[in-house]
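The values are calculated or read from the model by the stated rules, or taken from the named source; none is laboratory data. Remember, it's a predicted structure, so these values are computed and weren't measured experimentally. Note: ideal-geometry Cβ built from the backbone for every residue, glycine included; neighbour counts use all protein chains shown.
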């Protein structure tokens, strides 16, 4: 959830300031180019989506392993 929060703050220009790279800021900057170069929006968006999915799957796997170990 924190990844999405940080990306949303960066998108709204309330996150980390330049020169630190941030996926949300990259999405916000790429909105001007969405019709000319759509990959500028798709790549940071896909990175956010894959990161959130992997963290959720990892957390679920760890939770299942701990519960199986307790029982």
For residue 36, state whether it is at pLDDT 90 or above, at negative phi and not in a helix (DSSP H, G or I).
-> yes
Residues of region 40-71 satisfying the condition of being modelled with pLDDT under 90, over 15 Å from the mean Cα position of the chain (by Cα) and assigned to a helix (DSSP H, G or I) | 68, 69, 70
Would you please list the contacts, defined by Cβ atoms under 6 Å and residues six or more apart or on different chains, that run from a residue in region 1-17 that is closer than 19 Å to residue 50 by Cα to a residue that is in a loop (DSSP other than H, G, I, E, B)?
-> 9/15; 10/22
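Could you say whether any residue in region 16-31 is part of a helix (DSSP H, G or I) and exposed (fewer than 13 other Cβ atoms within 10 Å of the Cβ)?
yes
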